[in-house]
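Below is one structure; the comments refer to it alone.
The values are calculated or read from the model by the stated rules, or taken from the named source; none is laboratory data. Remember, it's a predicted structure, so these values are computed and weren't measured experimentally. Here Cβ is always computed from backbone atoms with ideal geometry, including for glycine, and neighbour counts include all displayed protein chains.
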Amino acid sequence: MTNYKSIIVDKPHEKVSRITLNRPDKRNSLSTNLRTELFDALESNDKNPDISVTIIRGSGKAFSAGYDLTKDLDELDPYYTAGGLGHWPRHVVEGCFKIWDLAKPVIAQVHGYCLAGGTELAQSCDLIYVADDAAIGYPVVRNISPPDNQFYPWIVGMRKSMELMLTGNSMSGKEAVDCGFANASFPKIKLEEEVLKVAINVAGVPHDVQQFNKRAVHRQMEIMGIRSGIRAGTEMQQLSMHTKSAKEFFKKVKEEGLTKALSDRDSKFGDYREDKNKKNSDE
């Protein structure tokens, strides 16, 4: 697959590939087509001897505001996941581990909104660099469910995880660094330059060695239980989808539209879609 419609792939430096999520009018919401193209590009880079590291970034005003809730049910998923109850969270987690298991490092370059599925995509990467004023969060916990990929306790610790899960509030880029979600934050105008510096540094290590460096960290996390823990969380997500609140939200979406449903959700908090200083799109 080379004629991409939802992403742009370029090579800003020798051995460095960059994938740009390219649905700016939808805040780069993760449609089936975008995800299909993204995984295709990542796997192509992993097989390409001329590429040592991949950067993922978003076009326009955001990294990604999450999964496209207007998904066409006739579209095929990017990869097969066994059906039945819990299919979607299992599918999401499998996708995150597909990135985790790539031989070559992947870097997330995050600016603007990084919400819901956008956070799941970013945390799947090996390194995360963010704009100081990025907004990173999982507002879905306010009325639907915990995340499909319940990475928060593993990445930011129990107390910060609990705060994010019980409020649905967002973190700034600087806060994301402080709690361990991201490696470093920069002024938005400097973010691209700084991420490219890191990518060039990473690419300087031979990728036959780098794959073991990457796995060395992952294996320790796996021994501590991260893979089993995150997979177990998919059942909690699915159970929450059957609550009265979740059913009422999806009924509102069907009757009044997604925009109205999200605005009603966030109006009492005055953030995300209802933030006077920022505008959001899909989750």
Revision key, fill the gap. Among residues of segment 160-209 being assigned to a helix (DSSP H, G or I) and in contact with a Lys or Arg (Cβ under 6 Å, 6 or more places away or on another chain), the residue nearest to Ile55 (Cα to Cα) is Ala203
Practice item. Kindly check whether there is at least one residue in segment 176-190 that is in contact (Cβ under 8 Å) with a residue 60 or more places away in the chain and either among the basic types (Lys, Arg) or surrounded by fewer than 19 Cβ atoms within 10 Å (Cβ to Cβ) (or both). Key: yes
Point to revise | Any hit, segment 45-68, residues being over 27 Å from Lys197 (Cβ atoms) and not in a loop (DSSP other than H, G, I, E, B) | key: yes
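A quick yes/no check of all residues on (1) surrounded by fewer than 19 Cβ atoms within 10 Å (Cβ to Cβ); (2) over 20 Å from the mean Cα position of the chain (by Cα); (3) among the polar types (S, T, N, Q):
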residue: Arg35; (1), (2), (3): no, no, no
residue: Gly60; (1), (2), (3): yes, no, no
residue: Ser64; (1), (2), (3): no, no, yes
residue: Glu75; (1), (2), (3): yes, yes, no
residue: Pro89; (1), (2), (3): no, no, no
Study note, to complete from the structure: If we ask which residues in segment 113-129 are outside any strand (DSSP E or B) and of a type outside the set (S, T, N, Q), their number turns out to be 8
Point to revise | Positions within segment 225-263 being surrounded by 15 or more Cβ atoms within 10 Å (Cβ to Cβ) and either touching a strand residue (DSSP E or B) at 6+ places or on another chain (Cβ under 8 Å) or β-branched (Val, Ile, Thr) (or both), in sequence order | key: Ile226, Ile230, Thr234, Val253
**Study point:** In segment 210-267, residue nearest to the chain's Cα centre (by Cα) [restricted to those that are part of a helix (DSSP H, G or I) and hydroxyl-bearing (Ser, Thr, Tyr)]
**Key:** Thr234
Check your understanding: Just wondering, is there one or more residues in segment 120-138 that are in contact with a Lys or Arg (Cβ under 9 Å, 6 or more places away or on another chain) and under 22 Å from Gly225 (Cβ atoms)?
Key -> yes
Review point. Which condition number does Cys114 fail, the rest of (1) at negative phi; (2) surrounded by 22 or more Cβ atoms within 10 Å (Cβ to Cβ); (3) touching a Lys or Arg at 6+ places or on another chain (Cβ under 6 Å) being met?
Key: (3)
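I'd like to check something: does segment 29-37 contain any residue that is part of a strand (DSSP E or B) and either touching a residue at least 12 places away in the same chain (Cβ under 8 Å) or closer than 20 Å to Asp68 by Cα (or both)?
Taking every residue of segment 29-37 in turn, at least one turns out to be part of a strand (DSSP E or B) and either touching a residue at least 12 places away in the same chain (Cβ under 8 Å) or closer than 20 Å to Asp68 by Cα (or both).
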Exercise for review: Inspect segment 197-215 for any residue being of a type in the set (Lys, Arg), crowded, with 16+ Cβ neighbours inside 10 Å, over 24 Å from Arg142 (Cα atoms) and touching a residue at least 12 places away in the same chain (Cβ under 8 Å) and give the result as yes or no.
Suggested key: yes
Practice item. Please determine, by comparing only the residues of segment 90-112 that are among the aliphatic types (A, V, I, L, M) and not in a strand (DSSP E or B), which one is nearest to Ile19 (Cα to Cα). Key: Ile99
Study note, to complete from the structure: Taking segment 145-159 and keeping only residues that are more than 14 Å from the chain's Cα centre (by Cα), assigned to a loop (DSSP other than H, G, I, E, B) and over 25 Å from Lys268 (Cβ atoms), one is left with Gly157
Point to revise | Residue tally, condition within 11 Å of Ser64 (Cβ to Cβ) and surrounded by fewer than 24 Cβ atoms within 10 Å (Cβ to Cβ), over segment 99-110 | key: 0
Review point. If we keep just the residues of segment 134-144 that are in a loop (DSSP other than H, G, I, E, B) and at pLDDT 95 or above, which is farthest from Ser31 (Cα to Cα)?
Key: Ala134
